[in-house]
Amino acid sequence: MNILFILDIFDNGGVSKILLNLLKKLKREKYNITLLLFNKNPGFDCLLPKNIKVRYAFNKAPDRSRHKLVRFVNGICKSFIPKFLIKHILFNGKYDLAIDFKSNNIHTLLAFNGKKIMWLHKDFSISTNLVEKEMLKVYGKTIRYKLKQHYFVKSLKKVDKIVLISETTRASFVNRYGFSEKTIVLYNPIDADEITKLSIESIYDWERRRLTICCVSRISKGKGIDRLFNIADKLNKNNMLFDLLIIGDGDGFRETQALFEKFNFENVFLLGHRNNPYPYIKNSDLFVCPSETEAFSTVIAEASIIGIPIIATDTGATAEIIQNYGSGFITKNTEDELYKAIHSFISNQLNVHNISNSNHVLADFNRTVAEIEGFFDGFGESNV
């Protein structure tokens, strides 16, 4: 079976990590896989399995350009380029399935003549997705937003299957858009065995001093890193002893770094990207997920595998993850409630038990990959 995955860029984000796990485990004797990327990212593209074909729509990365005009023109081209050109330029091969794995290349997906799958990594609930709630408040009545939503719904009618990554996100999607008959839940494959092995590697650029809190996240809007800065500042003013490690990179890193420097912290460390963040998690006392929005936080499941206590905001499938993968404490999705929980943990007033479920998750990982393969096989052979 020939499968085409479509992704804007392969980077350090959760979606890329999930796709990498999947590409490593899909059976090569069954699937001939091509990955179509719109942007090159050599520092991360080298991590992709050697036995898959990688093709690029552009030699550079217009999506990530510093120039707004370049990003604007690129967006117009991606959204309005005639579909016969997309077929001629990008689909120069025969594929049984085409999958828009991040659902932000819908126009390209719809140009494909065969079976089309949209893979959604998003919480569609307005109550738990604060970024979406704020966007609706600011832009919900604008013509641009309404046109974008119209095109999205129109696209949903044209795709053959819609994959959601948890029961929670499926329920929020169906409640908002319908299309229940097209949806299927396929959980993110998480390789517990690899995470456990990586977590025992040595760390050379940081030495533990005291109670340590760790956050691993993509640095971008909605991830709540600014919340952590405010919380750390309040904890310091209350003479709480702790270190906070923040690991990650992203399109909001420069802005976040500028904000970080204004606080002049002595016990908060904005470490940037690390190829292997797991030893930092393992050598910490608490893992914190401060996000304003998450569909399925892969790193919460990974922290559960490692066996570290977790405090997370109530977003998307967080409760589902903690129930299935380990234990932790979920706060309301506000900065104040997150502060109270972390303060209570540091002062030994909140006991967050966490037992590593790595064996359980490893079995779950193998089962999840088998379920995805079963979906590909059944859907690929169907007459949809």
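No value in this document is a laboratory result; all are computed from the given coordinates. All of these numbers come straight from a predicted model, not from anything done at the bench. Please note: Cβ atoms are built from the backbone with ideal geometry, for glycine as well, and neighbour counts cover all protein chains shown.
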Using +1 on the beta carbon of Lys and Arg, -1 on that of Asp and Glu, and nothing else charged, what's the dipole of the range 192-361 about the Cα centre, debye to 20? 300 debye
Go through LYS94/LYS133; LYS141/LYS221; LYS53/LYS332; LYS137/LYS332 and tell me which ones have a Cα-Cα distance over 32 Å in this structure. LYS94/LYS133; LYS53/LYS332
Report relative contact order for the range 192-361 in percent, whole number only (criteria: Cα-Cα under 8 Å, sequence separation at least 6). 25 percent
Options LEU244, ASN230, HIS343, ranked by Cα towards positive dipole end of the range 192-361, top entry (Cβ charges): HIS343
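Restricting attention to the range 263-300, which GluC sites (Glu not before Pro) occupy a DSSP loop and are surrounded by at most 15 other Cβ atoms within 10 Å?
Values: sites: GLU266, GLU292, GLU294; in loops: GLU266, GLU292, GLU294.
Of the GluC sites (Glu not before Pro), the ones in loops of the range 263-300 whose Cβ has at most 15 other Cβ atoms within 10 Å are GLU266.
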Bridge type composition, the chain - antiparallel percent by DSSP, nearest 5: 0 percent
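Once a ≥ b ≥ c are taken as the square roots of the eigenvalues of the Cα gyration tensor of the range 261-337, is the result rounded (a/c under 1.5), prolate (a/b larger than b/c) or oblate (a/b not larger than b/c)?
On the way: a/c = 1.91, a/b = 1.27, b/c = 1.51.
Oblate, because a/c is 1.5 or more while a/b does not exceed b/c.
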To the nearest 10 degrees, how steep is helix 253-263 against the longest Cα principal axis of the chain, on a 0 to 90 scale? 20 degrees
Given charges of +1 on the Cβ of Lys and Arg and -1 on the Cβ of Asp and Glu, with all other atoms neutral, how large is the dipole of the chain about its Cα centre, in debye to the nearest 20? 1780 debye
Principal-axis tilt of helix 225-237 within the chain, Cα atoms, nearest 10 degrees: 0 degrees
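Rounded, prolate or oblate: which fits the range 192-361, taking a ≥ b ≥ c as square roots of the Cα gyration tensor eigenvalues, rounded meaning a/c under 1.5, else prolate when a/b beats b/c? Could you put the intermediate results ahead of the total?
Values: a/c = 1.34, a/b = 1.22, b/c = 1.10.
In terms of gyration-tensor shape, rounded.
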When only Cα pairs under 8 Å and 6 or more residues apart are kept, what is the percent relative contact order across the chain? 16 percent
Helix 130-139 axis, angle to the chain major axis (alpha carbon atoms, nearest 10°): 60 degrees
Please go through the range 112-145 and write out the trypsin sites (Lys or Arg not before Pro) that DSSP classes as loop and that have at most 11 other C-beta atoms within 10 Å. LYS141
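Neighbour counts of other C-beta atoms within 10 Å: give me TRP206, TRP119 arranged from fewest to most.
On the way: TRP206 16, TRP119 21.
Exposure proxy ranking, most exposed first: TRP206, TRP119.
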Counting other C-beta atoms within 10 Å, which of VAL159, VAL352 has the fewest, and how do the rest follow? VAL352, VAL159
